[in-house]
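Report on the following structure.
The values are calculated or read from the model by the stated rules, or taken from the named source; none is laboratory data. None of these values were measured; they are calculated from a predicted model. No Cβ is skipped: glycine too gets one built from the backbone with ideal geometry, and neighbour counts run over all protein chains shown. Note: accessible area is taken over every heavy atom of the protein model, side chains too, but ligands, DNA and RNA are not part of it. Shrake-Rupley method; radii C 1.70, N 1.55, O 1.52, S 1.80 Å.
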Amino acid sequence: MRQVLKGVYPIIPTPFDKNGNVALTDIEKMIDYAVECGVAGVVVNDYLSEIEFLCDDERYAIAETALKHAAGRIPVIVGIAGQAPNRMVEYAKHAAEHGASAVLASVPFLKAYQASKTYEKGFKPVDEMLDIPIILQDAPDRSASMGAGMQKDLLTKLKNAAYVKEDSTAIHQGIEDTVEMAKGLEEGVLKGVFAGEGGYDLVCEYQLGATNFMPGLHVAPYVQKIWEKLEAGDVEGAEKVQFALGRLRLHERLYQVDTCKYMLKANGVIENIGTRWESRARFDETSYVEMDRILESLAKKGV
């Protein structure tokens with residue numbers, strides 16, 4: 001019986017060594033850290049993983065390392081977004097061959113490819129080769145928008161499409177639109193909605209209908225606490241943890257990838273905080289000082 005995806009599935013960022021190469025040993029350390037946090041599963045090769053700056057061999061090595069090291073302890077979801085529909089197909093094939101529990105698929109992140117024209121060359125062949133769930137990712141800030149209309153079309157046509165990940169700055173509206181759209185589908189077609197890493201008001205997203213959270217790995221311990229409290233009906237307790245993250249979330253808005261890696265390094269999970277995203281906002285010594293203050297504050301609050 002196919003596993004139902006529900007809970008917290010943090011995204012593994014791509015770690016680099018001092019020479020700028022992918023540090024696969026740190027992938028293993030992050031898998032172990034995720035298991036220790038008690039999350040439902042992990043995600044590799046998503047946008048937070050800097051996939052735009054990875055070659056195919058690096059993406060394949062990351063997926064293989066994560067799947068082998070997880071060794072069935074937790075499900076591993078593999079992102080298959082690519083520059084073009086044919087790349088999506090190749091990434092999906094590789095993920096399935098190496099034991100992925102699900103794939104995460106957006107329209108191509110080269111926006112020259114219209115979302116409506118990726119079905120025949122992308123989503124359809126991916127669906128035909130798979131026997132694992134497809135999570136439809138609406139990430140309009142990184143690729144062409146999918147929207148509730150395209151979601152409905154894909155959920156109807158694809159036998160394996162079962163989840164939607166809302167991944168835009170207007171995430172609350174996206175969740176509402178998806179939940180409303182699902183009312184027009186046969187019962188059980190849409191099995192869950194993920195709130196993506198851009199979702200910072202998790203309590204509200206849960207109340208709007210998010211059944212899963214997909215944050216960055218750096219906040220996995222906190223998001224797991226929020227999830228558990230929400231599932232137990234303790235909204236006040238969940239809000240307490242969420243409010244404690246306020247300064248961190250503001251800092252993360254400016255320096256998402258750097259904040260993620262800085263926290264993981266501070267917790268002894270990875271060795272370096274390097275990134276290939278050169279056009280991002282500058283993360284410098286001032287940022288380090290502020291991050292240390294944030295981490296000290298979180299420790300004092302006991303969350």
Please get the size of the charge dipole for region 1-111, origin at its Cα centre, with Cβ charges of +1 on Lys and Arg and -1 on Asp and Glu, quoted in debye to the nearest 20.
-> 420
So who's got an amide H within less than 5 Å of the one on Gly216, skipping anything under 5 residues away but keeping other chains? H placed 1.01 Å off N, in plane.
-> Ile11
Those trypsin sites (Lys or Arg not before Pro) from region 223-295 that are DSSP loop and have at most 15 other Cβ neighbours within 10 Å turn out to be Arg276, Arg280, Arg282
For region 255-303, fraction of C-alpha pairs farther apart than 11 Å, in % = 70
For region 15-32, just list the computed ³J(HN,Hα) in residue order, Karplus coefficients 6.51, -1.76 and 1.60, θ = phi - 60°, integers in Hz, with x standing in for Gly and Pro.
-> x, 10, 7, 5, 9, x, 8, 5, 9, 5, 5, 6, 4, 4, 4, 6, 4, 4
Using all C-alpha to C-alpha distances in region 1-130, build P(r) with 10 Å bins and read off the rounded percent in each one.
-> 13, 44, 33, 10, 0
Backbone HN-Hα couplings from phi across region 165-175 [Karplus 6.51/-1.76/1.60, Hz, Gly and Pro as x] = 10, 8, 9, 10, 5, 8, 5, 5, 5, x, 4
Separation between Cα centres of region 269-298 and region 143-185, rounded to whole Å | 33
Scale the Cα Rg of the chain by the rule-of-thumb value 2.2 N^0.38 Å and send over the ratio, two decimals.
-> 0.94
Amide H within-cut-off set for Tyr163, under 5 Å, with H built and near neighbours excluded = Ile134, Leu136, Lys191
Say the dipole of region 9-165 comes from +1 at the beta carbon of Lys and Arg and -1 at that of Asp and Glu; which of Thr25, Ala161, Gln83 then lies farthest toward its positive end?
-> Ala161
Once phi is turned into θ = phi - 60°, what whole-Hz ³J(HN,Hα) does the Karplus curve with 6.51, -1.76 and 1.60 give for every residue of region 216-222, x standing for Gly and Pro?
-> x, 4, 4, 9, 3, x, 6
Overall Cα dimensions of region 71-201, principal axis frame, Å, largest first = 37, 35, 30
Rg over Rh, two decimals, region 178-303 (C-alpha only, Kirkwood Rh) | 1.03
Compute the length gained on full extension between Thr156 and Glu187: take 0.36 nm times their separation in residues and subtract their Cα-Cα distance, giving the result in nm to one decimal.
-> 10.0 nm
Projected onto the charge dipole of the chain (unit charges on the beta-carbon of Lys, Arg, Asp and Glu, signs +1, +1, -1, -1), the Cα from Ala63, Gln207, Tyr255 with the largest positive-side position is that of Gln207
With only alpha-carbon atoms counted, please give the Rg and Dmax of region 170-209, in Å.
-> 10.4, 31
Largest-first semi-axes in Å of the equivalent ellipsoid built from the Cα gyration tensor of region 129-179 are 20, 11, 9
When the Cα atoms of region 1-49 are enclosed in a convex hull and the volume is divided per residue, what value in Å³ results?
-> 97
Using unit Cβ charges (K, R positive; D, E negative) and no other charged atoms, how large, in debye to the nearest 20, is the dipole of the chain about its Cα centre?
-> 120
With every protein chain left in place, what is the accessible area per residue of the chain in square angstrom, probe 1.4 Å?
-> 43
Ignoring ligands, DNA and RNA, how do Glu186, Glu228 rank by accessible area with a 1.4 Å probe, largest first?
-> Glu186, Glu228
Roll a 1.4 angstrom probe over the protein heavy atoms and tell me the percent of accessible area of the chain that is carbon or sulfur.
-> 49
